[in-house]
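Novice: Just dropping this structure here.
Bear in mind that the values in this text are calculations on the coordinates, not laboratory data. This structure is a prediction, so every number in the text was calculated from the model and none was measured. Please note: Cβ atoms are built from the backbone with ideal geometry, for glycine as well, and neighbour counts cover all protein chains shown.
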Amino acid sequence: MSVQTAPRRHVTIHELKRMKEAAEPIAVVTAYDATAARLVAAAGIDVVLVGDSVGMAVQGHDSTLPVTIDQMIYHSAAVRRGLARAGGHPHLVADMPFGSYQASPDEAVKCAMRLVAEGGAESVKLEGGQDFVGVIQRIVRAGVPVMGHIGLTPQSVHKMGGYVVQGRDTDKAQQLLRDARALQSAGCYAVVLEGIPTELARIISGQLSVPTIGIGAGLHCDGQVLVLTDLLGMDDGFVPKFVKRFADLGQAITGAVGTYVSEVKARSFPDDAHSYHSSAVRLVPVADEQEERHDEAAAFGAPV
Ligand code: KIV
């Protein structure tokens, strides 16, 4: 088990650039609450993403579309507290949810600033390529670093016609390369490449000076990101090809809770070791409730 215990320097966006230049892979994972944040920080993660995948991983939706900016702020603030308890070395980036940046640049800037001010995020992530250059420039100018996200962009599930791998033909691949370069020029400090062929991710990563973070984009990205519940084997449905389960926590949780249920039913939990005792406790006899009420009514002269 490779658990990192030595205190680490805080990971800034400049540190991420340095890591790319030094060819040091960047490890990113999602988290949505303080407990998970504390645990992934203790494991030595570089960046924690409060993803809008919270909609599917935690809220039980079948897409990320219903997630709101207020919910993202709530989860981000919880993750911020968890990271603080673990020493706070990972960078914290929060997703801008569907509807928080597409309608107007002013609204986008306000939402990005709320994620920082109220959610404790250090940067925000948003989905889209060339079309979002103006919005990204406005957010960056407001002082909030932006991580781009292109390829399979879950907020465009209806436009894509499902969660399908992008950039498989030359024209689409060329467009994704243009998108990636446009995001870098707009000021993105990193770009997530999701669901694209490894060959394309390799070309894009080679052409950008900012780090690429891959998910379903092969080995040649500067870093990798996975959804925590996928990585831990807690999902219950279709598992995409790019997901590697590093544990089977789903089975571990069901097994542990099953044992708890059995012990409660068998009255073997709580045992003595999990119970409080006091030799000073004396039982004081009390009248039963019926009798007490009877006495009270009689005292007030009511018919009893
Ligand atoms: O919401 C999310 O978790 C993401 C990652 C999958 C990149 O955007």
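Novice: Can you say what percent of the DSSP beta bridges in region 13-245, counting only those with both residues inside, are antiparallel? Round to 5. Intermediate results must be reported in sequence, preceding the final value.
Specialist: Details: 1 of 28 bridges.
About 5 percent, rounded to the nearest 5.
Novice: Springs between alpha-carbon pairs under 10 angstrom, Gaussian network model over the chain: which of ALA256, ALA117, ALA34 fluctuates most?
Specialist: ALA256
Novice: So, one more: Compute the Rg to Rh ratio over the chain from the alpha carbon atoms, using the Kirkwood formula for Rh, and round to two decimal places. List each step's numbers first, then the result.
Specialist: Numbers: Rg = 25.8 Å, Rh = 21.8 Å.
Value, to two decimals: 1.19.
Novice: Pick from GLY255, GLY82, GLY134 the residue whose mean-square fluctuation is largest in a GNM of the chain, springs joining Cα atoms under 10 Å.
Specialist: GLY255
Novice: Once both axes come from the Cα atoms, what is the angle between helix 105-117 and the longest principal axis of the chain, in degrees from 0 to 90, rounded to 10?
Specialist: The answer is roughly 50 degrees.
Novice: Still on this model: Can you check what the net charge comes to around GLU127, using other residues whose Cβ is under 15 Å from the Cβ of GLU127 (Lys, Arg +1; Asp, Glu -1)?
Specialist: Result for the local shell: -3.
Novice: What ranking do PHE246, PHE132, PHE98 get, fewest neighbouring Cβ atoms within 10 angstrom at the top?
Specialist: Going from least to most buried by this count: PHE246, PHE98, PHE132.
Novice: Less than 13 Å Cβ to Cβ from ILE253, Lys/Arg counted +1 and Asp/Glu -1: what total charge do the surrounding residues give? Don't skip to the answer; put the middle values down first.
Specialist: Numbers: positive: none; negative: ASP235, ASP236, ASP248.
Spelling it out: positives minus negatives among the neighbours equals -3.
Novice: Could you tell me the center-to-center distance, by alpha carbons, between region 190-206 and region 245-273 in angstrom?
Specialist: Here the two parts' Cα centres lie 42 Å apart.
Novice: Find the Rg to Rh ratio for region 204-277, where Rh is the Kirkwood radius over alpha-carbon pairs and Rg uses the same atoms.
Specialist: 1.32
Novice: Along each principal axis of its Cα atoms, how long is region 71-209 end to end? Whole angstroms, biggest number first, please.
Specialist: In descending order, the Cα extents are 45, 33, 30 Å.
Novice: About the Cα centre, and with charges only on the beta carbon of Lys, Arg (+1) and Asp, Glu (-1), how big is the dipole of the chain? Nearest 20 debye, please. Display every interim value, and only then the final one.
Specialist: Values: 27 positive and 34 negative charges, 297 e Å.
Rounded to the nearest 20 debye, it is 1420 debye.
Novice: Relative to the longest principal Cα axis of the chain, at what angle does helix 198-207 sit, 0 to 90 degrees, rounded to 10?
Specialist: The helix 198-207 is inclined about 70 degrees to the chain.
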